[in-house]
Amino acid sequence: MGFNMRYLDLKRRIRDVRMWAIQGIAEAGSGHPGASFSAAEIMGTLYFRTMKHDPSNPTWEDRDYFINSKAHSAPGFYSTLAVAGYFPPEEIRTLRKLGSRLQGHPVRYSEHQKHHSVPGVEYSGGSEGIGLSVGIGIALAKKLDREKAKMNKVYVLIGDGESNEGQIWEASMAAGKFKLDNLVAILDRNRIQQDGFTEDIMPLDPTKDKWAAFNWQVFEVDGHKVEQIVDALYKAARVHDKPVMIVANTIKGNGIRHMANNPQWHGKAPPKRQTEVLLEELESECLIAPSIIAGERENYEDKIRKVEREGVDMIHLDVMDGRFVPNTTFFADTIKKLRPSTSLPFDAHLMIEKPLEKVQEYIDARCDIITVHAEACTENEFKEIQERLINAGISPGIAINPGTDMPNWLYRSLHDLDVIIVMSVNPGFAGQKFMPEVLPKMMAVNKELMEHGFRGYIEADGGIDATTLHQAYDAGARIFVAGAAVYGGGDIHGSVIQLRHKAAVALEKRLLNHSTRLNVRSDWMKARKHILIPYANELGIEEELHAIK
């Protein structure tokens, strides 16, 4: 079976992968968080969005194959398999323990090895540089079986450190020779290996040119942007007569700020007593979504390109029909024209009457998230909208206005709900001031949703800027729609940096408070010192930091 995974659900599952991985590593007191976290989006996109596989039938003849050549990223790989359904995620806590099936490097699963491995592991890893050769062998075998050639893809994850091995380049020549268009290699280009930075030890650049010279089709992506990985994998499936290399530029340890791009976290476990704080950080990822109707009227494509260069997370599309709200903006036809201009997710907020009658147009326009208003539909209408969106692989959302209470019927739809927009202005106009009286409601909604098992995102929409973001963050929001704050002042670059900074300050404050409750504040600040220094004044911790040796 294949997975038609919704964007926000994909993000959530990848977040879960990191959370299980860090629990296993902390419990074991050893493991490789850096490599697990740099590859999380790569493995997650493969298993949750792209690959044909069936956890209930791991040896399914028509499955795609995944070879984890950088096998020291085992905690992340195991966690991906667990979240995909191959075994209970709780087993991750047995990582590296005596008698566990989850050892430091994976063992290929078979009936003979079933007590030493888990279903889904296709390759016994350990020594670096070998996995690509194994993947080539499988791909060549499937290629020779003409009947199956179009049915089985082989995906190989390799590290940039292991790319020092000569066997990698011998294998790359063979793949080019045999025109293995059913083979996709993905390079986790985090630029760190066991002893330091790759470019200090053995420079790998120009990476793209090297692989292209060996007759591979090469794509390059941000390895933490799932939409770019999805797009590259889509293109890879349409390449003929040559293998594909995807160079995924990543950050080692991505997700935990003091581990990120830090060679000492290649193979080091965090203290077990800090686990809860680390989980809090992983759950607190913030997404910035500029609204393109804000600011001066100009070419929407230009607006999208400007914020894409600044690394924003998605594009917010305010659709107003002039009936549900007083103003009119644009409709599905405009979104459809904008879709080819970017791979960034489109977050469509439908402020329209009778959304059930119109939702198919926005599905066809290839939006990634579609949110309708609770005030504009009944429970049965929303259930039908939700079902249609899920079947199309689109994240469904519901929005509530400042004066609207959470409808009781919504709790029956939480399991497959990806986002709830709590409006912090009255909808229908751009550039309105944030309504602080919404904050208690946002906080209460967030608390009640968590108690009912909601795993999605709270989105704050209206008046979000550098002075209000932290308030919405503290109330539980993790997606921030920023219109005038980004497009209204003329300095888009500075505005996005400001928003990121305020989100970081809010996060660090939250983590410090959590570490205090757990009585690990001193140790946490010591591990985090280089991260905390830029925020010390805003957090009021200058003296504490100076006292840390």
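Compactness of segment 412-549 is given as radius of gyration and Dmax, 17.1, 54 Å, from Cα positions.
For the chain, with all protein chains present and a 1.4 Å probe, just round the carbon and sulfur fraction of the accessible area to a whole percent. Intermediate values should be presented prior to the final figure.
Values: 10890 of 22440 Å².
Carbon with sulfur: 49 percent of the solvent-accessible area.
For a straight C-alpha distance cut-off of 15 angstrom, the aspartates and glutamates reachable from residue 52 (same-chain residues fewer than eight places away being disregarded) are 61, 62, 64, 122. Distances between placed amide hydrogens fall under 5 Å for residue 66 paired with 155, all partners being 5 or more residues away or on another chain. With both labels modelled 7 Å from their Cα along Cα-to-Cβ, the residue 504 to residue 522 distance reads 2.8 nm. Ignoring lysines fewer than eight residues from residue 97 along the same chain, the ones with Cα atoms less than 30 angstrom from its Cα are 11, 70, 114, 252, 268, 272, 526. Ligands, DNA and RNA aside, residue 202 has an accessible area near 100 Å² when probed at 1.4 Å.
Rg to Rh for segment 335-440: what is it, with Cα atoms only and Rh by Kirkwood? Mind dumping the intermediate values first?
Working: Rg = 14.0 Å, Rh = 14.5 Å.
Rounded to two decimals, Rg over Rh is 0.97.
As a calculated quantity, the FRET efficiency between residue 426 and residue 231 at R0 = 45 Å, using C-beta atoms, amounts to about 0.75. Per-residue Karplus couplings for segment 111-127, computed as 6.51 cos²θ - 1.76 cosθ + 1.60 with θ equal to phi - 60°, are listed in order as 4, 5, 9, 5, 8, 10, 7, 10, x, x, 7, 9, 8, 8, x, x, 5 Hz, Gly and Pro entered as x. Name the shape class, rounded, prolate or oblate, that the alpha-carbon gyration tensor gives for segment 290-494, where a ≥ b ≥ c are the square roots of its eigenvalues, rounded holds for a/c under 1.5, and otherwise prolate holds if a/b is larger than b/c and oblate otherwise. Taking the square roots of the gyration eigenvalues as a ≥ b ≥ c, segment 290-494 is oblate.
Between residue 105 and residue 62, take the C-beta separation as r, use R0 = 30 Å, and let me know the FRET efficiency to the nearest 0.05. Don't skip to the answer; put the middle values down first.
Values: r = 28 Å, r/R0 = 0.93.
For residue 105 and residue 62, the calculated efficiency is 0.60.
Projected onto planes of every orientation and averaged, the convex hull of the alpha-carbon atoms in segment 1-157 covers 8.8 nm².
For a Förster distance of 51 Å, can you work out the FRET efficiency between the beta-carbons of residue 241 and residue 330, rounded to the nearest 0.05?
The pair residue 241/residue 330 has a calculated efficiency of 0.75.
The separation of segment 278-322 from segment 135-199, counted between C-alpha centres, amounts to 36 Å. A straight chain from residue 296 to residue 375 at 0.36 nm per residue would run longer than the Cα-Cα distance by 25.5 nm.
Between residue 273 and residue 435, the simple spin-label model (points 7 angstrom out along Cα→Cβ) gives 4.6 nm.
In the chain, the calculated helix contribution to ellipticity at 222 nm averages -11500 deg cm²/dmol per residue, counting -39,500 (n - 2.57) for every DSSP H run with n ≥ 4.
The chain has equivalent-ellipsoid semi-axes of 38, 29, 23 Å, by the square roots of 5 times the alpha carbon gyration tensor eigenvalues, sorted largest first. More than 27 Å apart: what percent of Cα pairs in segment 7-280 qualify? In whole percent, the share of Cα-Cα pairs in segment 7-280 beyond 27 Å is 33. For the chain, the solvent-accessible area works out to 41 Å² per residue, with a probe of 1.4 Å and every protein chain left in place. If you find the alpha carbon centre of segment 466-521 and of segment 1-54, how far apart are they in angstrom? The distance from the Cα centre of segment 466-521 to that of segment 1-54 comes to 25 Å.
Distance between the modelled labels on residue 383 and residue 366, one decimal in nanometres: 3.3 nm (7 Å Cα→Cβ projection). A straight Cα-to-Cα reach below 19 Å connects residue 441 with the lysines 433, residues fewer than 8 places away in its own chain not being considered.
The values are calculated or read from the model by the stated rules, or taken from the named source; none is laboratory data. Remember, predicted model here, so these are calculated numbers, not experimental data. Heads up, the Cβs are rebuilt from the backbone with ideal geometry, glycines too, and the neighbour counts pull from every protein chain shown. Just the protein is used for accessible areas: all its heavy atoms, side chains included, with ligands, DNA and RNA removed. Shrake-Rupley method; radii C 1.70, N 1.55, O 1.52, S 1.80 Å.
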